[in-house]
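The values are calculated or read from the model by the stated rules, or taken from the named source; none is laboratory data. All values reported here derive from a predicted model rather than from experimental measurement. All accessible areas refer to the heavy atoms of the entire protein, side chains included, with ligands and DNA or RNA removed. Shrake-Rupley method; radii C 1.70, N 1.55, O 1.52, S 1.80 Å.
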Amino acid sequence: MDRRCSRNGCNERAVATLTFAYADSTAVLGPLAVSAEPGSYDLCARHAESMSVPRGWDVIRVEAPDGRPPTPDEDDLLALANAVREVGLAEEPAPAAPDESGVVELAHRGHLRVIADRRR
């Protein structure tokens, strides 16, 4: 994996990947992605440090000093555990019809979903 910085005129080795979430006005700068993706930018160490965003935007800097991907946020894990607990404690199963792939949504909270495969 020998990719170069995306900045014009820079030929340094890339060490970070910059991605934008335009709908949320957020820039995410993290460790170098495994592969180059459209819409993301590989940056060298100098450009990653000096990176700036438009006024009003947020920047999320994901640190991975050991090279491993970041662990899930505790809030996401708690929300998932609560959603699973609610399904387990429900007196009646939620009425749902499987889609064409056989997957049924049992519960959801925010962006998290509890699903089951009814083919088995």
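Structure notes:
- Excluding ligands, DNA and RNA, the accessible surface per residue across region 8-62 is 66 Å² with a 1.4 Å probe.
- Here, region 9-52 has an Rg and a Dmax of 10.4, 31 Å when only alpha carbons are counted.
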